[in-house]
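S.K.: Below is a structure I'd like to ask you about.
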Amino acid sequence: MKAIYLHSKQEIEAYLRRDTFLHIYSLGDLDDFFWQYTTWYALVNDQQEISAIALIYSGIHVPVLLALSEEPGDDLGELLQSISHLLPRHFYAHLSGDRAPIFERDYAIHSFGPHYKMALIYKERVDTIDISRVIPLTVSDLPALQALYQASYPVNSFDPRMLETGYYYGIRRGSDIISVAGIHVYSQRYKVAALGNVTTHPEFRGQGLGTAVCAKLCQALLHTVDHIGLNVKADNMSAISAYRRLGFEVVAEYGEYEMKLR
């Protein structure tokens, strides 16, 4: 087995489609909108068959390593050991299983705890939510949106470019945005989307606003994609409950980490 760079979208997609919901972020990153920010690694055998894939996405301030697998054995661990010297000095990591110790010799590791991947399984449920107050957001809403994130979600991975996709929805109170749901990845070509940067201002929580903006977002996305997923911290029971009301179910568990070279 050896580690190689991958450059073929077709080869990458064929592997990732083994579990679309597990790899929904990586599938979205195959889209031309994200592709230029990606570096792909794979572990292959003598027949050049892929047994594990890892992605570095560098389109945000701190790069992210996506290394997920539900395959038996530890080919993913072998791949990570093989490429560890190629990784950035500072990055976030989404890792299946107990694979963070692979990096502990060279990196100081901070764990953000276990997370769930959730998938929209019962799509009809999003049509049962009152979305009458929800409006689409555009690039002109960026200042109000940044003010909301500063007040309620300062540690986020919001990329202003994502407003250009047209898949950000919010609820206003006067000139202020008090609740928002957007996307981390979206690809009409690959028929996938991942919800992200969802938040409601602390003064307005508990009123179902987050559920409403997510419902409207999912309704819009379902016109162009087949698979919608999201990531959520495993102990965020209120968010998990809200997502379940929308038709999402847990499909996998993984860990999130921050890595800094010692």
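S.K.: Within the set of pairs 6 or more residues apart or between chains, which connect a residue that is free of Cβ contacts under 8 Å to residues at least 24 places away in the same chain and of a type in the set (Gly, Ala, Ser) inside segment 178-190 to a residue that is surrounded by 24 or more Cβ atoms within 10 Å (Cβ to Cβ) and assigned to a strand (DSSP E or B) with Cβ atoms less than 7 Å apart?
M.R.: Nothing qualifies.
S.K.: Looking for whichever is within 16 Å of the chain's Cα centre (by Cα) and closer than 27 Å to Ala100 by Cβ here; the options are Tyr257, Tyr190. Which one fits?
M.R.: After applying the criteria, what remains is Tyr257.
S.K.: Take the residues in segment 205-235 that are part of a loop (DSSP other than H, G, I, E, B) and of a type outside the set (Gly, Ala, Ser); name whichever of them is surrounded by the most Cβ atoms within 10 Å (Cβ to Cβ).
M.R.: Val225
S.K.: Taking Ser69 and the conditions (1) in a loop (DSSP other than H, G, I, E, B); (2) surrounded by fewer than 20 Cβ atoms within 10 Å (Cβ to Cβ), which numbered condition does it fall short on, given that it satisfies the others?
M.R.: (2)
S.K.: Regarding segment 40-53, can at least one residue be identified that is at pLDDT below 95 and in a helix (DSSP H, G or I)?
M.R.: So far as segment 40-53 goes, no, none of its residues is at pLDDT below 95 and in a helix (DSSP H, G or I).
S.K.: So Ser140 ticks every box in (1) touching a residue at least 12 places away in the same chain (Cβ under 8 Å); (2) surrounded by fewer than 23 Cβ atoms within 10 Å (Cβ to Cβ) but one. Which box is left unticked?
M.R.: With (1) touching a residue at least 12 places away in the same chain (Cβ under 8 Å); (2) surrounded by fewer than 23 Cβ atoms within 10 Å (Cβ to Cβ) applied to Ser140, the lone miss is (1).
S.K.: Scan segment 106-128 and tell me whether some residue there is more than 30 Å from Leu246 (Cα to Cα) and part of a loop (DSSP other than H, G, I, E, B).
M.R.: Within segment 106-128, one or more residues are more than 30 Å from Leu246 (Cα to Cα) and part of a loop (DSSP other than H, G, I, E, B).
S.K.: Identify, from the list Glu78, Glu70, the residue that is touching a strand residue (DSSP E or B) at 6+ places or on another chain (Cβ under 8 Å) and at pLDDT below 95.
M.R.: Going through Glu78, Glu70 in turn, the sole match is Glu70.
S.K.: Condition check: on the phi < 0 side of the Ramachandran plot, among the aliphatic types (A, V, I, L, M) and outside any helix (DSSP H, G or I). Does Ala181 satisfy that?
M.R.: Yes; evaluated as a whole, the condition is true for this residue.
S.K.: For segment 3-42, give me each residue that is closer than 27 Å to Met162 by Cα, among the hydroxyl-bearing types (Ser, Thr, Tyr) and surrounded by fewer than 21 Cβ atoms within 10 Å (Cβ to Cβ).
M.R.: Ser8, Tyr15, Thr20, Tyr37, Thr38, Thr39
S.K.: Now for a separate question. If we scan segment 194-201, do we find a residue that is closer than 23 Å to Ser238 by Cα, small (Gly, Ala, Ser) and touching a strand residue (DSSP E or B) at 6+ places or on another chain (Cβ under 9 Å)?
M.R.: Yes, that holds for at least one residue.
S.K.: Also, I was wondering about something else. What tally of residues in segment 29-61 results from selecting those that are of a type in the set (Val, Ile, Thr) and out of contact with any strand residue (DSSP E or B) (no Cβ under 6 Å at 6 or more places or on another chain)?
M.R.: 1
S.K.: Kindly provide the set of residues from segment 43-55 that are more than 21 Å from His115 (Cβ to Cβ), crowded, with 17+ Cβ neighbours inside 10 Å and in contact with a Ser or Thr (Cβ under 8 Å, 6 or more places away or on another chain), ordered by number.
M.R.: Those that are more than 21 Å from His115 (Cβ to Cβ), crowded, with 17+ Cβ neighbours inside 10 Å and in contact with a Ser or Thr (Cβ under 8 Å, 6 or more places away or on another chain): Leu43, Val44.
The values are calculated or read from the model by the stated rules, or taken from the named source; none is laboratory data. On a predicted model such as this, the values are computed, not experimentally measured, just so you know. Please note: Cβ atoms are built from the backbone with ideal geometry, for glycine as well, and neighbour counts cover all protein chains shown.
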